[in-house]
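Every number in this text was worked out from the coordinates using simple rules, so none of it is lab data. Fair warning: this is a prediction, and the values are worked out from it, not measured in the lab. Here the Cβ positions follow ideal geometry from the backbone for every residue, glycine too, while neighbour counts run over all protein chains shown.
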Amino acid sequence: MYIPFVDLKTQYHSIKDEIDKAITSVISETAFIGGKYVEDFENNFKEVYGVRNCVSVANGTDSLYIIMKMLGIKQGDEVITVANSWISSSETISLTGASPVFVDIDPNYYSLNENLLRNAITKKTKAIIAVHLHGQVCEMSKINELCKELNLFLIEDCAQSHFSEYHGQRAGTFGIAGSFSFYPGKNLGAYGDAGCIITNDDEFAEKCRMFARHGALKKHRHEIEGINSRMDGIQAAVLNVKLPYILNWTKQRIKNASLYDKYLKDIPEIILPPVRPNSKHTFHLYVIRAQNRDRLLDYLKSEGIETAIHYPTALPNLPAYKYLDKQDGDFPISTSYQSTILSLPMYPELTEEMIIFIAKTIKSFYKD
Ligand SMILES: *Cc1c(COP(=O)(O)O)cnc(C)c1O
């Protein structure tokens, strides 16, 4: 059996007629940039997600940058982010001129450790980026309270957590704005780069929209200098086709995670990912911690099972942040976990038979 880490083909074939028709329409109507399909997506997404505004942008990195830029974050400011994430959650801070301040992850839930925040806050701190890694929402009540108490902006990086929930409330709706990526492999994926910003603040939405459209809401009326960050018509049309399926696909991911839990639970050499109480983990990734991780990874590969590591190096330990002069011991959890974490194949189309095969293969690795 061959089991890819992500399988975008099976999903495409399940909705091929709709997708092909949607893409053909964009081309025959030459609705390449802006226009009906993009407008429809913004309206559909805000309706399905239950928010007042959705501003479509080119990708989930721009969305973070635009949010911070429009909050007025600039040189001399500090923004707190998490040590284990994709680099977008820190490079966009630097892009505004501000300095990223990293905190370690929670040892159980792999997201930003809320108990470390107070110590990381200084007079220069302007915002906290809560990255809901793997599809697991951060401990939002504590983070929210702290932000309110100290008058900090709360920004949520929801690139891995479409439709995740904390106490019944959706990721991206806790602070001033939520940032989404629709990179093809994300839970809701386009067929190229795409992203969006959601916010319940109408004025803030218009600011973000203006900045992302060269500083102009009306053609040739540039109120400010902005950037060019647009979702294109083809991506919007693909997302419009996929949106009605997303809640079912999310259910399927959650079901697959529970099947992994069931078939992997008796292997003492691995630790399974716990779900934060009262929350809905949407399992963008199913991440275990494993003894002899590198040898297990190679063994699984030799048996046809593709896995991945999210992420192999904690952000502050990357060459890009050498100037911060951080040591491994500064982020003990992120740094020690980077040699044991392993992301198993995870997508809605994964079958129980495949999960049983993966579990059997992991068991046989540890028996040998
Ligand atoms: C994917 C991702 C992003 C960036 O999204 P792009 O659309 O690829 O720019 C940001 N943050 C996190 C946590 C991600 O996983």
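In the set 272, 217, 243, only one residue is under 29 Å from residue 24 (Cα atoms) and either within 16 Å of the ligand (Cβ to nearest atom) or without any contact (Cβ under 8 Å) to a residue 24 or more places away in the chain (or both); that residue is 217.
Across the range 188-218, the number of residues qualifying as in a loop (DSSP other than H, G, I, E, B) and within 24 Å of the chain's Cα centre (by Cα) comes to 9.
Table: residues versus (1) part of a helix (DSSP H, G or I); (2) touching a residue at least 12 places away in the same chain (Cβ under 8 Å).
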{"site": "297", "(1), (2)": "yes, yes"}
{"site": "301", "(1), (2)": "yes, no"}
{"site": "322", "(1), (2)": "yes, no"}
{"site": "348", "(1), (2)": "no, yes"}
{"site": "357", "(1), (2)": "yes, yes"}
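Which residue pairs have Cβ atoms under 7 Å apart, sit 6 or more places apart or on different chains, and have a first residue in the range 64-93 that is of a type in the set (Lys, Arg) and a second that is part of a helix (DSSP H, G or I)? Sorted first by the residue in the range 64-93, then by its partner, the pairs are 69/211. Counting residues in the range 132-148 that are in contact with a Leu (Cβ under 7 Å, 6 or more places away or on another chain) and in a loop (DSSP other than H, G, I, E, B) gives one or more. Of the residues making up the range 159-192, just one is of a type in the set (D, E, K, R), buried (at least 20 other Cβ atoms within 10 Å of the Cβ) and more than 11 Å from the ligand (Cβ to nearest atom), namely 170. The single condition from (1) on the phi > 0 side of the Ramachandran plot; (2) within 16 Å of the ligand (Cβ to nearest atom) that residue 76 fails is (2).
Taken together, 310, 284 contain a single residue that is in a loop (DSSP other than H, G, I, E, B), in contact with a His (Cβ under 7 Å, 6 or more places away or on another chain) and touching a residue at least 24 places away in the same chain (Cβ under 8 Å), which is 284.
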